[in-house]
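Beneath this line is the structure, given in structure tokens, with notes to follow.
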Amino acid sequence: NADGMPARLGVVGVGTISSALIRGLLSEALSPGSGQGPSEIVLSPRGAENAAELRSKFPGKVRIAESNQAVVDSVDCVVLSVLPSQAHAVLEGLRFRPGQQLLSLVAVGLSLQTLQELSQRGLEATGGGVDCAMAMPLPAVARRRGATLLVPPRPFAQAIFAALGSCVAVEDEKQFRRMQCLTGLMGDLYMRQLTAQRWLQLHGTPPEEAAAWVGSIFATMLEDSAHAGPATLATLVAEQTPGGLNEMVWRDQEADGVYEALGYSLEAVHHRISTGKVDPDLAPVAKRRPPTTCSALAVRRGPRIQDSLGASCGRTRTWLLAAACGWTFCASSTMPPSHRGPRGEAGHQAGRSLRGPRRPKLASAMAYSGRARVPKG
């Protein structure tokens, strides 16, 4: 097509993501005559159930080829969407033509260089090559609201994903892999939403209303950052009313190490993408260390607890104790009585007298539940 969209598209490996891509491309807004969608999509027999469903939904637009090679022979642009463990073997069994386009949706384990080398075997003497790109779409492309990461910015690939939402293209594969890590935050986002829904239901909100409100309010909040510039996110955080509810929540989360833990998780994801292996030592639970001073805890929970701690506990081994009432404070097992504040031993013993079930150990920090009772000194 004149806009760069391939006229005939082939898909090798019909899974969740490639099915979403096909649904988006063949939806009504991209139907024949619109000048945007491909005239035909040829599917491999891999993922037979998904392929049959798509052929039934889009008769005359989707057909199923007899083999992977038959897909390649029928189209100008091939989308590779197989499991990472299968990618090398599948590519080694295919023969491409000079000038064909190849778009890989394989998440990990297949570099752009390897993609080019495997697809261009046997073409050296022709003087031609295969135009290769890698992309990381998300399921929302089925509704043409996807955000897709692309490397390098090839026109045919940009045309495909521009029709399915937004597309961010980068030249450097290392940067692509680093940016790819953010796709691992999807489950975390949904878990935060689920936590909010469960909290509402715990306090009497009916499930239907709770779910509807959580979905709507998150979508509304994300609208302001959907088209972010370099300073957008920092500005949005700074705009939260000083002393207001929003500032209170993010500052409390920051003091609790939530955002630091998020950074650790992203590093762990990057390691897995880069090496194909999971390193348990990179998980937040393994990386977090106990604070060394009272000030490091950003204690802001009232004078009663802070009183028992004194002005400073020095650089001693500390434990983070969270009482059921929401207090946050530290107590040291090695702090001499003279440094335990005006209440002396009382503050020290308060940390040992907590009652309630013990929570799992978090690195060197210990979390407890139960109401702390600080004796009057």
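Over what distance in Å are the Cα centres of the range 181-195 and the range 60-89 separated?
Centre-to-centre distance over Cα atoms comes out at 31 Å.
C167's amide H: which non-local residues (gap 5+, or another chain) put their own amide H closer than 5 Å, with H modeled 1.01 Å from N in plane and none for Pro or chain starts?
Residues meeting the criterion, in which the H sits 1.01 Å from N, are T148.
Ranked from highest to lowest mean number of other Cβ atoms within 10 Å per residue, what is the order of the peptides 43-54, 150-161, 228-239, 265-276?
Put in order of decreasing packing, that is 150-161, 43-54, 265-276, 228-239.
For D73 and A52, what does the FRET efficiency come to when R0 = 25 Å and r is the distance between their Cβ atoms, rounded to the nearest 0.05?
0.70
Using a cut-off of 14 Å between beta-carbons, work out the net charge of the residues near R177 (Lys and Arg +1, Asp and Glu -1, R177 not included).
-1
For the range 8-171, report the convex hull volume of the alpha-carbon atoms normalised per residue, in Å³, without decimals.
Details: hull volume 17.0 nm³, N = 164.
Measuring per residue, one finds 104 Å³ for the Cα hull of the range 8-171.
Using the Karplus curve 6.51 cos²θ - 1.76 cosθ + 1.60 with θ = phi - 60°, work out ³J(HN,Hα) for each residue of the range 272-277 in order, rounded to whole Hz, and write x for Gly and Pro.
Per-residue couplings from phi come out as 5, 5, 6, 10, x, 10 Hz.
If R₀ is 25 angstrom, what is the calculated FRET efficiency for the pair T275 and E117, using the beta carbon separation as r and rounding to 0.05?
The formula returns an efficiency of 0.75 here.
Which aspartates and glutamates have a Cα lying under 19 Å from the Cα of K57, excluding residues fewer than 8 positions away in the same chain?
Counting by Cα, and skipping residues close in sequence, K57 has these aspartates and glutamates nearby: E28, E40, E49.
Residues of the range 241-271 with the amide nitrogen closer than 14 Å to a label point 7 Å from the Cα of M221, along Cα-to-Cβ, please.
Correct set: 241, 245-254, 259.
Which ³J(HN,Hα) values, rounded to whole Hz and listed in residue order, are derived for the range 61-78 from phi using the Karplus coefficients 6.51, -1.76 and 1.60 in 6.51 cos²θ - 1.76 cosθ + 1.60 with θ = phi - 60°, glycine and proline given as x?
Once rounded to whole Hz, the list reads 10, 10, 9, 10, 7, 7, 7, 4, 5, 5, 5, 4, 5, 9, 10, 9, 10, 10.
Show me the three semi-axes of the equivalent ellipsoid for the range 183-223, from the C-alpha gyration tensor (sqrt of 5 times each eigenvalue), largest first, rounded to whole Å. Can you show the working numbers first?
Numbers: eigenvalues 75, 30, 8 Å².
They are 19, 12, 6 Å, listed from largest to smallest.
With each label point set 7 Å from Cα along the Cα-Cβ vector, what nm distance links A107 and R145?
2.2 nm
Any chance you could tell me what percent of the C-alpha pair distances in the range 115-250 go past 19 Å?
The share of Cα pairs beyond 19 Å in the range 115-250 comes to 68 percent.
Just so you know, all these numbers are worked out from the coordinates, no wet-lab data involved. Note that the structure is predicted; figures quoted are calculated from it, not measured. As a convention, Cβ positions derive from the backbone with ideal geometry for all residues, glycine included, and neighbour counts pool all protein chains shown.
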